[in-house]
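Asks: My questions all concern the structure below.
Only the coordinates and a few stated rules stand behind these numbers; no lab work does. Quick caveat: nothing in here was measured; it's all calculated off a predicted structure. Ideal geometry is used to build each Cβ from the backbone, glycine not excepted, and the neighbour counts take in all protein chains shown.
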Amino acid sequence: MIEVHELTKRYGRTTAVDRLSFTVRPGRVTGFLGPNGAGKSTTLRMLLGLDRPTGGRATVDGHDVGRLPRALRHVGALLDAGDVHGGRTARAHLTALAQSNALAPARVREVLAEVGLEAVADRRVGGFSLGMRQRLGIAGALLGDPPVLVFDEPVNGLDPEGVHWVRGLFRRLAAEGRTVFVSSHLMSEMQQTADDLVVIGRGRLVAAESLESFAARSAPSAVLVEAPDVETLAPLLAASGATAAPQGERRLLVTGLPAARIGELAAGHGLVLHQLATREASLEDAFMELTADRVEYLAGDPR
């Protein structure tokens, strides 16, 4: 479990993280979201003991990670896939990490196989693509078989097969009872992967809840209806408490009634429907609505 309590980080007069509190629970994939400049990376660095907080505390299973002698056994992390010596081979890099944490050499072979880098294990990392470096970083995070895993933008540079693999990996790790905390700016990826969300803006907490409840904060689900006689259908929908907005000559965007009820209403009056498609609440829509006043840098902003 990850626990963050009143965590604060100031750089001179700038407050990057402001009294931030949240909990990340085991057995779940938790997405960490926020606009650029929200303080996500600073929060992760403090959690992992790489930056000292100005105030508050961040712990992993009750421990300050910076004080753990063999931290990879407790928490695995990928913050920057490029933070590897380019002159080392993938195997040498992981072997050094294993030795510093008293891990068996066999574990290096296991994680290389798990991330699909066995065939290039003895190539220098400087010749790796970004996607290969991401896989190596994930291998390093898995090396100590830790109960808690932290990833910052882990799918950057991965091809579609790699993204699909990472998604499955995170779900499997959570199913094993581990705590999986993933920072990402890809809303579509989080919508397919995360169970819970922690959302921050300008260093402060915006939301900490399930993905479903967060997405439901956006505009309600709507149903796109296509019919040859919308002039007759629209008043019937309105009489049943729905709002029907025209979307061209033969289409209505309906809110206030589920698709099944719209279909029943049309059938009961002998009306033909050509399309009945539900548009679910969007994570991206909810994110944009709730963080609109917390964006540090806007397009066209001269700062």
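Asks: Got the relative contact order for the chain handy, in percent, Cα pairs under 8 Å and 6 or more residues apart?
Replies: For the chain, the relative contact order is 21 percent.
Asks: Continuing with this model, one more query. At 7 Å along the Cα-to-beta-carbon direction for both THR89 and ALA175, put a label point, then send me their distance in nm to one decimal.
Replies: Here the modelled spin labels are 3.4 nm apart.
Asks: Could you work out the relative contact order of segment 1-158, using alpha carbon pairs under 8 angstrom and six or more residues apart, expressed as a whole percent?
Replies: That works out to 24 percent.
Asks: What's the angle, to the nearest 10 degrees (0 to 90), between helix 130-142's Cα axis and the longest principal axis of the chain?
Replies: For 130-142 against the chain, the angle is about 70 degrees.
Asks: Another one. Roughly what would the spin-label model give for ALA119 and GLU284, points 7 Å off Cα along C-beta, in nm?
Replies: 3.3
Asks: Please say if segment 222-279 is rounded, prolate or oblate, where rounded means a/c under 1.5 for a ≥ b ≥ c the square roots of the C-alpha gyration tensor eigenvalues, and otherwise the choice is prolate for a/b larger than b/c and oblate otherwise?
Replies: rounded
Asks: Sticking with this structure for a sec: Please report the orientation-averaged projected area of the chain, defined via the convex hull of its C-alpha atoms, in nm².
Replies: 20.2
Asks: Further question: Are there trypsin sites (Lys or Arg not before Pro) in segment 1-100 that DSSP marks as loop and that have at most 12 other Cβ atoms within 10 Å, and which are they?
Replies: Taking segment 1-100 and a limit of 12 other Cβ atoms within 10 Å, the loop trypsin sites (Lys or Arg not before Pro) found are ARG13, ARG70.
Asks: Also, I was wondering about something else. How far apart, in nanometres, would the label points at GLU6 and ALA267 be if each is projected 7 angstrom from Cα along the Cα-to-Cβ direction?
Replies: Each label point is offset 7 Å from its Cα along the Cβ direction, giving 6.0 nm.
Asks: Using the Karplus equation 6.51 cos²θ - 1.76 cosθ + 1.60 (θ = phi - 60°), what ³J(HN,Hα) coupling, rounded to whole Hz, does each residue of segment 69-75 give in order, writing x for Gly and Pro?
Replies: With the stated coefficients, segment 69-75 comes to x, 10, 5, 5, 7, 9, 8 Hz.
Asks: Let me ask another. Report relative contact order for segment 1-42 in percent, whole number only (criteria: Cα-Cα under 8 Å, sequence separation at least 6).
Replies: Averaging sequence separation for qualifying contacts and normalising by length gives 37 percent for segment 1-42.
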